[in-house]
1. Of the residues that sit in segment 1-53 and are of a type in the set (Lys, Arg) and either in a loop (DSSP other than H, G, I, E, B) or in contact with a Lys or Arg (Cβ under 7 Å, 6 or more places away or on another chain) (or both), which one is farthest from HIS185 (Cα to Cα)?
2. Restricting the search to segment 123-149, which residues are part of a helix (DSSP H, G or I), within 15 Å of the ligand (Cβ to nearest atom) and surrounded by fewer than 21 Cβ atoms within 10 Å (Cβ to Cβ)?
3. Which one of these is aliphatic (A, V, I, L, M) and farther than 18 Å from HIS123 by Cβ: LEU155, LEU179, LEU189, LEU140?
4. Here is a list of conditions, (1) at pLDDT below 95; (2) more than 16 Å from the ligand (Cβ to nearest atom), and LYS170 meets all of them except one; can you say which number that is?
5. Check segment 170-179 and report whether any residue there is assigned to a loop (DSSP other than H, G, I, E, B) and not aromatic (Phe, Trp, Tyr).
6. Kindly indicate which of LYS29, LYS83, LYS55, LYS101 is over 22 Å from ASN194 (Cβ atoms), modelled with pLDDT under 80 and either in contact with a helix residue (DSSP H, G or I) (Cβ under 9 Å, 6 or more places away or on another chain) or not hydrophobic (A, V, I, L, M, F, W, C) (or both).
7. Only one of these is free of Cβ contacts under 8 Å to residues at least 60 places away in the same chain, out of contact with any Pro (no Cβ under 8 Å at 6 or more places or on another chain) and crowded, with 20+ Cβ neighbours inside 10 Å: ARG220, ARG177. Name it.
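The values are calculated or read from the model by the stated rules, or taken from the named source; none is laboratory data. This one's a predicted model, so the numbers in the text were calculated from it and none came from an experiment. Here Cβ is always computed from backbone atoms with ideal geometry, including for glycine, and neighbour counts include all displayed protein chains.
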Amino acid sequence: MEKQIRNFTIIYKEIDSSYIDIIMQEVLKEELKIINFFKAKLHNSPIYIKFWDNKEEFKKHIVTSSDIKKNIVPNNPCGKLAKIDDKLVINLLSYKERSKKNKLDEIALMATTILHELVHIYHAEARGHKKTLLWIKEALATNLAPQYSDQDLKLNCDYKDLINDCQDYKNYYTMGRYLFDNCDHNYILELANNPIFLVNESENIFYKTKEYLNQINKTR
Ligand SMILES: [Zn+2]
């Protein structure tokens with residue numbers, strides 16, 4: 001089945017039809033915040049959202065050999081962005097499959113997964129698809145989505161690990177939280193859009209985030 005909602009084309013099965021509208025309502029509302037953050041315009045070509053109701057097929061589809069090589073395949077992936085023949089596709093595990101893992105049993109979390117991937121789409125376009133550090137990509141995605149807002153902040157890697165893609169999203173989220181709580185919008189946007197500026201600022205941001213965490217822990 002296929003459904004058109006604003007700039008999205010949604011591909012799904014009968015089993016998903018009862019909750020698509022609920023998820024998309026949340027996505028449409030929150031997408032505008034992402035667009036405003038990047039000072040962008042609504043995505044002009046359609047973004048596809050494909051729901052998968054078979055976990056094994058889904059995994060086979062989203063995991064590439066380069067992901068395996070770089071060891072960046074999460075144990076339980078629930079969503080991933082792909083570019084297929086110039087089409088942007090957000091692949092998503094259906095509720096039927098997600099709910100088998102009790103941690104992922106909320107429909108609201110499916111909207112968050114879509115929003116996380118949308119941040120990556122708008123961010124890549126805002127920086128002209130330039131290569132950049134992973135920490136800023138995930139700091140923006142986890143804060144603008146927002147995914148870890150109910151959890152304690154932490155930064156338990158050293159600076160070298162951070163810039164070598166330590167892969168701990170909570171560290172990235174915490175760096176992002178420092179930025180959003182303390183820094184000017186245009187400064188964060190410059191970090192997002194200018195990889196050279198980002199490299200020059202990263203070490204300072206890392207230690208500022210550590211200080212910020214110390215402060216928060218002291219006032220508790
Ligand atoms: Zn991400």
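1. LYS13
2. Result: ALA124, LEU134, LYS137.
3. One residue alone meets the criteria, LEU155.
4. (2)
5. No, every residue in segment 170-179 fails to be assigned to a loop (DSSP other than H, G, I, E, B) and not aromatic (Phe, Trp, Tyr).
6. Going through LYS29, LYS83, LYS55, LYS101 in turn, the sole match is LYS101.
7. Going through ARG220, ARG177 in turn, the sole match is ARG177.
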